[in-house]
1. Limited to the range 252-271, what total is found for residues that are surrounded by fewer than 10 Cβ atoms within 10 Å (Cβ to Cβ) and modelled with pLDDT of 80 or more?
2. Just checking, how many residues over the range 253-274 are of a type in the set (K, R) and over 20 Å from the mean Cα position of the chain (by Cα)?
3. Among the numbered criteria (1) open to solvent by less than 80 Å² (accessible area, probe 1.4 Å); (2) at pLDDT 75 or above, which single criterion is violated by K277?
4. For the range 201-211, indicate whether the set of residues that are open to solvent by less than 100 Å² (accessible area, probe 1.4 Å) and modelled with pLDDT of 55 or more is non-empty.
5. Taking the criterion of being over 23 Å from E86 (Cβ atoms), open to solvent by 30 Å² or more (accessible area, probe 1.4 Å) and modelled with pLDDT of 65 or more, would at least one residue in the range 140-147 satisfy it?
Amino acid sequence: MTVPAVSRATLARRVVLVTGANSGIGLALCQRLLSEDNQIHLCMACRNMQKAETAKSELLLSHPGADISLLKVDVGNISSVIKAAEAIKQRYEHLDYLYLNAGIMPNPHFSLKAFLSGLLSRKVFNMFQTGEGLLIQEDWLTDDGLQQVFMTNVFGHFLLIRNLEPVLGQAGCASQLVWTSSSNARKSAFSLTDYQHSQGQESYSSSKYATDLLSVGLNKHYNSKKPESLDPMVKYHSCTSGLGNNYVSSRKMDVDVETAEIFYQELLKLEGKMKEKINITGDHS
């Protein structure tokens, strides 16, 4: 893989990488980062490079002279994540900030079968009061045999971090990991071992709090020794008052460190199994 060379000036800057940076929260985050410090080197890690080029041009219009590079990565694909991590390690000696932003959510749709079933159950009143059971979300399997939402929102970012450890360092490293609401808010009920879905094996965990668990686990392993780190058990919300004043509101997450650590260790096991599977099949693409 040919990796674009970076200048000495770039290497001297603080390097900030944002996944899913070409639209939505990711693009707004890039705008805010450049507004706060136009001396950073911003790496926009995106799946669609055409949209990434458009987003970069938009940023340069509002921040002329900004140091911005693009990186192709699809966090929903294991091979793409590993290739991107190798490219990052070749480009940069260090990453100062890594924003885990990319995320997806299956499109919900009306289920006649679920609706008719709900009519004949004791949940019928709740169904009409809340809409629960009227809409369903269908996930799908990736080429790697994992559920797409789980792969994109959780495991893909986990693999990216694991493969970037040489430039992130170990616990107490110089880098700061931030899990944004783009991926964190797009939750669905997925299984930790959904790669075994076709074999009908029972999952270790099925939780809407998987991204919260991983967020806590990542902070424990990578940010725990940084005195300026935010509380890993808290979500921070950027808010605006009725008078137009900006402020930050915090809310404690309904997870515990022990559960997060168990989840993190299970992801390590899954990583080993997926790497073994790739080696066995000879899929190094």
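The values are calculated or read from the model by the stated rules, or taken from the named source; none is laboratory data. Bear in mind the structure is a predicted one, so any value in this text is a computation, not a measurement. All Cβ positions, glycine included, derive from the backbone under ideal geometry; neighbour counts span all protein chains shown. Ligands, DNA and RNA are excluded from the accessible area calculation, which covers all protein heavy atoms including side chains. Shrake-Rupley method; radii C 1.70, N 1.55, O 1.52, S 1.80 Å.
1. Of all residues in the range 252-271, those surrounded by fewer than 10 Cβ atoms within 10 Å (Cβ to Cβ) come to 252, 254, 258.
From what is left, the residues that are modelled with pLDDT of 80 or more are 252, 258.
Number satisfying all stated conditions: 2.
2. Narrowing the range 253-274 to residues of a type in the set (K, R): 269, 273.
Filter again for over 20 Å from the mean Cα position of the chain (by Cα), leaving 273.
Adding up the residues that qualify gives 1.
3. In the conditions (1) open to solvent by less than 80 Å² (accessible area, probe 1.4 Å); (2) at pLDDT 75 or above, K277 misses (1) alone.
4. Yes.
5. The first filter runs over the range 140-147 and keeps only residues over 23 Å from E86 (Cβ atoms), leaving 140-141, 147.
Applying the additional criterion that residues be open to solvent by 30 Å² or more (accessible area, probe 1.4 Å) yields 140-141.
With modelled with pLDDT of 65 or more added as a condition, the list becomes 140-141.
Within the range 140-147, one or more residues are over 23 Å from E86 (Cβ atoms), open to solvent by 30 Å² or more (accessible area, probe 1.4 Å) and modelled with pLDDT of 65 or more.
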